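Student: Below: one structure in structure tokens.
The values are calculated or read from the model by the stated rules, or taken from the named source; none is laboratory data. Values in this document were obtained by computation on a predicted structure and should not be read as measured data. FYI the Cβ positions are ideal-geometry reconstructions off the backbone, even for glycines, and counts take in every protein chain you see.
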Ligand code: HEM
């Protein structure tokens, strides 16, 4: 019964689209994924708030004006993590090539629930170069990257330099820390 249904479905796909069922479903999934991704990005915070119940309302900080960038200077990766958006009172920071930028004005992208929230509080160098959302690429390590990936990375760096205020840079250990301090 199921196999008959399957056969007539695959036959119908072949007849109507001229595509093999595998290609048809792959295309369908790709289209749905791109549609969901893009449409999710263009939902206005106001619309989103209206469509949700009061208990599911996003944090009011989503609607508040972004905090002013504050220059921090040297910071370790461990210190950067604090600015990942989990504390709404803190600025949102993100690093690319070891340079830390204040991305608070793009809370919609990088804040909790944003499409790029995984980059907040991290050095996202490798992820941006590879256009990857894999958490293992959230590192400043550029070893083995192709020249194309390095070009992509350079474009991202220019974009960040132009759009955001640089507030510091990543160091492995703070000058002021004692020798007994832990490495991050
Ligand atoms: C289906 C694939 C994707 C689509 C359709 C898409 C689309 C977009 C759009 C429309 C924006 C807003 C641009 C703006 O208003 O300035 C954006 C921003 C952004 N995208 Fe994507 N994107 C995709 C994949 C990716 C991937 C794979 C990455 C990296 C791993 C990425 C990283 C970013 C970042 C970091 C921003 C924010 C840049 C900023 O701070 O201004 N995107 N994307």
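Student: Cβ-Cβ under 6 Å, sequence separation 6+ or interchain: first residue in region 58-70 and closer than 13 Å to residue 85 by Cβ, partner modelled with pLDDT of 75 or more. Which pairs?
Tutor: 59/88; 61/88; 66/104; 66/105; 67/91; 67/104
Student: Show the residue pairs meeting these rules: Cβ distance below 8 Å; 6+ apart or different chains; first residue within region 159-170 and modelled with pLDDT under 95; second residue part of a strand (DSSP E or B).
Tutor: none
Student: Still on this structure: Collect the residues in region 141-158 that are more than 25 Å from residue 66 (Cβ to Cβ) and either outside the structural domain of residue 102 (by TED's automatic domain parsing) or in contact (Cβ under 8 Å) with a residue 12 or more places away in the chain (or both), keeping them in residue-number order.
Tutor: If the condition is that a residue be more than 25 Å from residue 66 (Cβ to Cβ) and either outside the structural domain of residue 102 (by TED's automatic domain parsing) or in contact (Cβ under 8 Å) with a residue 12 or more places away in the chain (or both), then 141, 142, 145, 149, 150, 152, 153 are the ones that fit.
Student: Quick check: anything in region 90-104 at pLDDT 95 or above, over 30 Å from residue 34 (Cβ atoms), assigned to a loop (DSSP other than H, G, I, E, B) and within 15 Å of the ligand (Cβ to nearest atom)?
Tutor: Within region 90-104, one or more residues are at pLDDT 95 or above, over 30 Å from residue 34 (Cβ atoms), assigned to a loop (DSSP other than H, G, I, E, B) and within 15 Å of the ligand (Cβ to nearest atom).
Residues checked against (1) surrounded by 12 or more Cβ atoms within 10 Å (Cβ to Cβ); (2) modelled with pLDDT of 90 or more; (3) in a helix (DSSP H, G or I):
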position: 8; (1), (2), (3): no, no, yes
position: 14; (1), (2), (3): yes, no, yes
position: 35; (1), (2), (3): no, no, yes
position: 50; (1), (2), (3): no, no, yes
position: 64; (1), (2), (3): no, no, no
position: 113; (1), (2), (3): yes, yes, no
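Student: Scan region 160-174 for residues that are surrounded by 13 or more Cβ atoms within 10 Å (Cβ to Cβ) and within 16 Å of the ligand (Cβ to nearest atom) and report the count.
Tutor: Count: 6.
Student: The conditions are (1) farther than 26 Å from residue 68 by Cβ; (2) near the ligand (Cβ under 9 Å from one of its atoms), and residue 109 fails exactly one of them. Which is it?
Tutor: With respect to (1) farther than 26 Å from residue 68 by Cβ; (2) near the ligand (Cβ under 9 Å from one of its atoms), residue 109 is out only on (1).
Student: Run residue 78 past the list (1) part of a helix (DSSP H, G or I); (2) at pLDDT below 85; (3) within 21 Å of residue 118 (Cα to Cα) and report the number of the one that doesn't hold.
Tutor: Of the numbered conditions (1) part of a helix (DSSP H, G or I); (2) at pLDDT below 85; (3) within 21 Å of residue 118 (Cα to Cα), the odd one out for residue 78 is (2).
Student: Any chance you could count how many residues in region 126-144 are in a loop (DSSP other than H, G, I, E, B), at negative phi and within 14 Å of the ligand (Cβ to nearest atom)?
Tutor: Final tally of qualifying residues: 5.
Student: When you go through (1) farther than 22 Å from residue 37 by Cα; (2) within 11 Å of the ligand (Cβ to nearest atom) one by one for residue 157, which number turns out not to apply?
Tutor: Going through (1) farther than 22 Å from residue 37 by Cα; (2) within 11 Å of the ligand (Cβ to nearest atom) one by one, residue 157 breaks only (2).
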